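Take a look at the structure below.
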Amino acid sequence: MSVEHTSKRYHLHISGIVQGVGFRPYIYQLAQRYKLHGFVRNDGDGVHIEIEADEVKLEDFFDALEKELPPLARVDSIQKQVIPLSGSLGFRIVDSKNSSHTTMLPADVALCSACEAEMNDPENRRYKYPFINCTDCGPRYSIIQTLPYDRPNTTMAPFVMCPTCQKEYDDPMNRRYHAQPISCYECGPSLLMLDLKGNHVAEGDEAIAKISQLIKDGKSVAIKGVGGFHIVCDATNEAAVNTLRLNKRRVSKPLAVLFKDLSVLKKELLVSEVESTLLTSIQRPIVLLKKTIQMTLAPSVAPGIDKVGAFLAYTPLHQLLLEKLQRPIVATSANMSDTPILTDAKEVLAKLSHLVYAVLDYDRKIEHACDDSVKMLANNHLLSMRVARGYAPLSFSLKKRVKQAILAVGANQKNTIALAFDKHMVVSPHIGDLVGIEAVDNFKQTIADYQQFYDIKPKVIVCDKHPGYESHKWAKALSSAGSNIELIELQHHYAHTLSCMAEYELDEKVLAFCFDGTGYGDDGTLWGGEVLLADSQNYQRLHHLQTFRLIGGEKAVKEPKRVALAILFELYTIEEIMMMDNPACLAFDEAQIRTMHKMYEREINAPLSSSIGRLFDAVASLSGIVQTLSYEGESGLMLEQQANRHRDESYYPFALEGEVISFKSLIAEILQEKDPKLIAARFMNTLTRMIIEIAQRYPEFPVILSGGVFQNQYLLERVISALNTHEIRYYIPSVTAINDGGIALGQLYYALHKKKEKNE
Ligand code: ZN
Ligand code: ZN
Ligand code: FE
C-alpha cells in the first residue's frame with residue numbers, strides 16, 4: 001500500500017567551501033539517488049539548489065546532505081526556503097551566474113590516491129602524466145585569477161580540452177566532472193627543462209630523467225611546485241647540501257626535506273600516528289620531526305639540532321621525480337632569505353642562477369605564490385608555524401554580517417593580511433618578511449588581489465603600532481591620502497592575544513601570556529614578555545619581564561652576547577662583570593665591554609625591552625651555547641636541543657615584584673652553573689612555573705599562549721602539561737600561526753568588535 005505525500009519545492013543557498021570541490025556533482029548524485037527534480041547552480045555567493053519531490057524524499061535528501069560531503073567541501077550555512085512548485089522533470093547542473101564574489105577560495109590539494117593509482121597504471125591514458133588531477137585533488141588557489149572558480153578564470157584557460165578530457169569534464173558521474181585543471185598528454189601543460197640561458201634542453205620524461213641525473217650528481221636544480229619554485233638537491237649528499245647552503249648564504253638554518261612516501265620517511269625520522277596523519281593529509285605540510293639514530297640524511301640538512309622539517313611529495317611531478325631518484329631531496333623555497341618565493345622560471349634564472357644548474361619548468365602559470373606550510377606537534381597540540389599551501393587562504397565564517405569591509409595588514413615579519421567582509425574572515429597565506437622592495441611590492445599586490453577577488457573596498461584598516469613596519473607605513477600613507485579610511489593602530493601583543501581569541505571565537509576576559517621577539521609597546525619600549533588581561537575591546541598590561549637595554553638596537557637582536565651583557569649591566573657593576581668567568585663576558589674584550597657600558601649608560605641606540613625572546617638569547621649566550629645568531633629563533637632551538645639532552649624538572653627561583661617579573665635571581669643562578677644542558681632545562685622550567693603561578697593568581701580567566709617563543713617544543717610541552725595538571729582552562733592557536741603570521745587575524749578581530757555598534 002502506498003502512501004500519498006504532498007510535493008514541495010525548496011530553494012537552498014549553501015555557502016562555505018563549495019566550489020571546485022566536487023560539490024555540484026555530489027548534489028547531482030544525491031538528486032539521482034532520491035529522485036529529486038530541479039537544478040544546482042554555482043554562483044559568486046555559493047551554491048544554489050532548487051529541488052522538488054515528495055516530502056519523504058526531500059527529508060532523506062536533507063539528512064544525507066551534510067553527512068556525505070566531498071572531502072574538500074565545507075558548509076558554513078544553508079538557507080532553506082519553500083518556493084512554488086514548478087513541475088519540471090529531471091535534475092540538471094546549470095552554468096554559473098556571475099554575481100558578487102564572496103565564495104571562499106579553495107586551497108591547493110595534494111595528489112589523491114585515485115589519481116596516484118592511475119598515474120602508476122601503464123594501461124591508463126594518464127600513465128606517468130605529471131599534471132594528473134581530479135575534483136578531489138590538484139592546484140586551486142595557485143591558478144585562480146578571479147572568482148567564481150571556473151576554468152576560464154584560471155591559468156588553465158589557454159589549454160583547450162581534448163574531446164576525451166571534455167567528456168570527463170562534462171559527465172556528472174565522472175570523478176573529473178568540472179575538475180577545472182583537468183588535462184592529459186593531448187591537451188595539458190608540458191614539462192620543460194631549461195638550461196641557465198633559458199634554452200629548452202629537454203621535455204617530458206626526458207626532462208625528469210635529466211634533472212634527476214643532475215641531482216644524483218650532487219647538483220642543485222630549481223623545480224616548479226604548486227605555489228612556487230624549490231631549490232632542490234640530494235638530501236643524503238653532504239657536499240651537495242653544503243654547496244647549496246654556501247650559495248644560498250644560509251649558514252645553518254634547517255632545510256626542509258621532501259620524501260617520496262611515508263615508508264621512506266620513517267627510516268629517517270620518528271613519526272607518531274598523529275604526525276603520520278598530518279604528513280599524508282590532503283594539505284601535506286612540512287612537519288618538524290625528530291631524527292632517528294640510523295638517519296642517512298646529510299648532517300648539514302639541520303646542523304646541530306635533532307629535528308628535521310619533512311614533507312611528502314604532493315604533486316604528481318614530485319612523485320615521478322622521487323620515484324626516479326630513490327632518495328629524499330632537500331626542497332627549500334626558491335628565494336634569497338625570507339623574501340617571497342619565486343613563481344616564474346625567468347625570475348629564477350635572473351636571480352638564482354648562481355644556485356642551480358638547471359630548471360625544471362612547466363607552462364601552466366602560477367597566479368598566486370604559496371609557500372609550503374609548516375606544522376609541529378607539542379603534547380598532541382597541533383601548532384602552525386607557517387600557514388600557506390593546502391590551508392590558505394584560511395577562512396572563518398562570522399555569525400553576523402559585516403557592514404563595512406575591514407583590512408588588517410599584519411606585522412612586518414612573517415607577514416599575512418586579513419580581510420573581513422560579508423560574513424567572512426579571510427587570512428592570506430604567508431607573505432614573508434617585509435624587507436626590501438620586492439617583498440613590499442608582493443605585500444601590496446596581495447592586498448590588491450584580495451580586494452579584487454572579493455570585490456571589496458575596505459573602509460577600515462588595522463595596522464601594527466610600530467612606526468617602522470612597512471605594513472604600518474603603507475596603511476598610514478593610504479589613510480592620510482584623504483581616502484576616507486579609518487585607521488586603527490593596534491599594539492602587537494594585544495593583536496597576538498586577539499588572534500587566538502579569533503580562532504576560538506572567544507569574547508570573554510582572558511589572561512594572555514605573550515612571549516615573543518619584540519613588538520612596539522604602548523610606552524614606546526620594545527615589549528615581548530607580557531602578561532595581558534584582555535577582552536575583545538581592551539587590555540591591561542598586568543605583568544611584564546624586567547626591562548633591559550638592546551645595546552646597538554637591531555644589532556642586539558642578532559648578537560645574544562650583547563643582550564647578555566646588557567642584562568648583566570642591570571644587575572652588576574662593570575668591575576664585577578670584568579671579573580666574571582662567563583662565556584658572554586669572555587666573548588668581549590675589556591675595551592668592548594667599556595664601550596657597551598657607555599652606550600648603555602648614555603642610552604645611545606639602546607632601546608628598553610621586556611622581550612622573553614631576547615631573554616632566550618641572553619641565556620643562550622650566558623650558557624655558552626651561541627653568541628652570534630645565523631638565523632632568527634636559533635637560540636631557542638639550541639636551548640631546546642640542550643634541554644632535551646638533560647631532562648631536569650627543577651627550576652630557578654624567580655620573583656614577581658608588582659608588575660615586574662624579575663630576572664635577578666634567575667641570572668644569578670645561571671652565572672653559578674656551568675652545564676648548559678642544565679641551564680637550558682631549568683630556564684624553560686622556570687618560565688613554565690612562572691606561567692602557572694601567575695595563572696593561579698587569576699583563576700577566573702582562561703589562559704592564552706601566544707607569540708613566537710611558544711614555537712619552542714620543550715617549553716610548550718611543559719607548559720601544556722602543567723596547565724593540564726593544574727586544571728587551568730587554556731587556549732593555544734592551532735590553525736592560525738602562533739608567531740607574527742597570526743597578527744593580521746588578531747587585528748581584524750579587534751576592528752570587528754570595535755565596530756560592533758555600527759555593524760549590528
Ligand atoms: Zn585526484
Ligand atoms: Zn586531454
Ligand atoms: Fe610577535
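The values are calculated or read from the model by the stated rules, or taken from the named source; none is laboratory data. Since the structure is predicted, the reported quantities are computational estimates derived from the model, not experimental observations. Don't worry about glycine lacking a Cβ; one is built from the backbone with ideal geometry, like all the others, and counts go over all protein chains shown. In case anyone asks, the SASA skips ligands and DNA or RNA and just uses the protein heavy atoms, side chains included. Shrake-Rupley method; radii C 1.70, N 1.55, O 1.52, S 1.80 Å.
A few comments on the model shown:
- More than 25 angstrom apart: percent of Cα pairs within segment 390-506: 16 percent
- Only protein heavy atoms count here; under a 1.4 Å probe, Met599 has an accessible surface of about 50 Å².
- Contour excess over end-to-end distance, with Cα ends at Lys216 and Leu542 and 0.36 nm allotted per residue: 111.6 nm
- Cleavage-rule hits, trypsin sites (Lys or Arg not before Pro), segment 189-254, DSSP coil, Cβ neighbours within 10 Å at most 15: Lys197, Arg249
- Loop GluC sites (Glu not before Pro), segment 535-614, which have at most 13 other Cβ atoms in a 10 Å radius of their Cβ (DSSP): Glu603
- Relative contact order for the chain, counting Cα pairs under 8 Å that sit 6 or more residues apart, in percent: 11 percent
- In terms of accessible area, using a 1.4 Å probe and ignoring ligands and nucleic acids, Asp306, Asp338 rank largest first as Asp338, Asp306.
- For segment 387-491, the share of DSSP beta bridges that are antiparallel, to the nearest 5, is 60%.
- For Lys476, solvent-accessible area (1.4 Å; no DNA, RNA or ligand), Å²: 90 Å²
- Surface analysis of the chain yields an accessible area of 39 Å² per residue, using protein heavy atoms and a 1.4 Å probe.
- Backbone N within segment 146-182 under 12 Å of label point (7 Å from Asp455 Cα along the Cβ vector): 147-148
- Of Leu105, Leu526, the order by accessible heavy-atom surface (1.4 Å probe, DNA, RNA and ligands excluded), from most exposed downward, is Leu526, Leu105.
- Longest to shortest principal axis, alpha-carbon extents of the chain, angstrom: 96, 64, 56
- Two-site label geometry, Glu657 and Val274: point separation in nm, points 7 Å out along Cα→Cβ: 4.0 nm
- Simple spin-label estimate for Asp54 and Leu586 gives 9.0 nm between the two label positions (7 Å along the Cα-to-Cβ direction from each Cα).
- Antiparallel content of DSSP bridges confined to the chain, in %, to 5: 75 percent
- The trypsin sites (Lys or Arg not before Pro) of segment 311-363 include none that meets both conditions, a loop assignment by DSSP and at most 13 other Cβ atoms within 10 Å of the site Cβ.
- Using a Förster distance of 30 Å, the FRET efficiency for Arg249-Glu601 (Cβ separation, nearest 0.05): 0.25
- Residues in segment 303-327 that a label on Gln294 would reach, taking backbone N under 17 Å of a point 7 Å out along Cα→Cβ: 327
- Inter-centroid distance (Cα atoms) of segment 242-283 relative to segment 559-620, Å: 38 Å
- Between helix 23-33 and the chain: long-axis angle, C-alpha atoms, 0 to 90°, nearest 10: 40 degrees
- Within the accessible area of the chain, the carbon and sulfur atoms contribute 50%, probe 1.4 Å, all protein chains present.
- Looking at segment 456-587 alone, DSSP beta bridges between its own residues are antiparallel in about 70 percent of cases.
- About its Cα centre, the dipole of the chain is roughly 780 debye, where the only charges are +1 on Lys and Arg Cβ and -1 on Asp and Glu Cβ.
- Virtual paramagnetic centre 7 Å along Cα→Cβ of Arg33, amide N under 20 Å, in segment 158-196: 171-178
- Charge-dipole axis of segment 1-93 as Lys and Arg at +1 and Asp and Glu at -1 on Cβ define it, positive-most pick from Leu12, Leu85, His37: His37
- Between Thr292 and Leu269, Leu270, the built amide H atoms are under 5 Å apart, and every one of these is 5 or more places off in sequence or on another chain.
- Length released on extending from Tyr698 to Ala209, taking residue separation times 0.36 nm less the Cα-Cα span: 169.7 nm
- Extended-chain gain in nm, criterion 0.36 nm per residue less alpha-carbon gap, Gln445 and Arg645: 67.4 nm
- Computed on the Cα trace of segment 191-362, the radius of gyration divided by the Kirkwood hydrodynamic radius gives Rg/Rh = 0.94.
- Under the criterion of Cα pairs below 8 Å and six or more residues apart, the relative contact order for segment 191-362 equals 37 percent.
- Sequence of Ser281, Ser635 when ordered by accessible area, the most exposed leading, probe 1.4 angstrom: Ser281, Ser635
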